[in-house]
Amino acid sequence: MDELDKRVFPLPLTPTPKKDRRFSLRPVIGKSLVATIVIVAAISGIAALTTGADFWRHIHSADNLSDSDRQARSQAFATLSSMRLLLVSDHDSAIALDGMQLSPSAKEALAKDLLPPETEPAAAPVPQQAPQHSAAVAVQPALKPTKSAPVQLAWITLWDTDVEDGDVVRIDSRGYSRTVTLTTKPQTFAVPVPVDGVIQVTGVLDGEGGGITVGLGSGAAQAVFPVMSVGQTLGLKVKVD
């Protein structure tokens, strides 16, 4: 092709290839996703440190028992005659007192009530005149208690029978009261054995909804309570050997 042909018919230009924007956006999206994950992890870590609680507990589901499960719990509790308590031995009484979260004065008073009753000589009966042929018999003074029987301590264990969602109950037994946040890990402490043979359990807080699910045991004995509501009080009959 001569110079004239080149001027009249110029050579075609080679087209510049276009970039696929889909591939160019992938690194940006990937970096954004990683940054989001890092931020969420940082926030959750800060929340756990500042609140002192498990941050992820709030995403757990609430108690969700079926109607048949609720009915079965109520029937089992209603048919329970009484639960045998495991008494605190004399060897463990000091440990039990330390774990009852009492004020120093209340702890001292309860420790005195745990002592056996003091005794004093009773008035000696007037001896009748013995027959002359019988030998004289020495009369031993009888002993009588100066106060009522001592207080007994028993171990009890509380736990959440379903989801650990922040359920709270209060225990009342012979003047002793304690509020407990239930966990799936059993919590054991001592209570005075009630004179009337009944330990009272009151619902204080329904964590994430679905009712308060509480189990109470003592030694090998266990009792599962009906699903409770806030403010509801149920009595558990107990006995000791």
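Evaluate segment 50-63: report whether one residue or more is modelled with pLDDT under 80 and at positive phi.
yes
Can you tell me which residue is nearest to D172 (Cα to Cα) among those in segment 213-233 that are among the aliphatic types (A, V, I, L, M) and in a loop (DSSP other than H, G, I, E, B)?
V230
Failed condition for V195, given (1) assigned to a loop (DSSP other than H, G, I, E, B); (2) touching a residue at least 60 places away in the same chain (Cβ under 8 Å); (3) closer than 18 Å to L85 by Cα, with all others met?
Condition not satisfied by V195: (2).
Answer yes or no as to whether V214 is of a type in the set (A, V, I, L, M), in contact with a Leu (Cβ under 8 Å, 6 or more places away or on another chain), buried (at least 20 other Cβ atoms within 10 Å of the Cβ) and in the same structural domain as T157 (by TED's automatic domain parsing).
yes
Only residues that are touching a Gly at 6+ places or on another chain (Cβ under 6 Å), within 23 Å of V88 (Cβ to Cβ) and without any contact (Cβ under 8 Å) to a residue 40 or more places away in the chain: list them for segment 198-230, please.
Matches in segment 198-230: Q200 only.
Inspect segment 91-98 for any residue being at pLDDT 95 or above, closer than 30 Å to P226 by Cβ and among the small types (G, A, S) and give the result as yes or no.
So far as segment 91-98 goes, yes, one or more of its residues are at pLDDT 95 or above, closer than 30 Å to P226 by Cβ and among the small types (G, A, S).
I need a count of the residues in segment 179-208 that are within 11 Å of the chain's Cα centre (by Cα) and buried (at least 16 other Cβ atoms within 10 Å of the Cβ).
Number satisfying all stated conditions: 3.
The values are calculated or read from the model by the stated rules, or taken from the named source; none is laboratory data. The structure displayed is predicted, hence computed values, not measured ones. We place every Cβ from the backbone using ideal geometry, glycine too, and count neighbours over all the protein chains shown.
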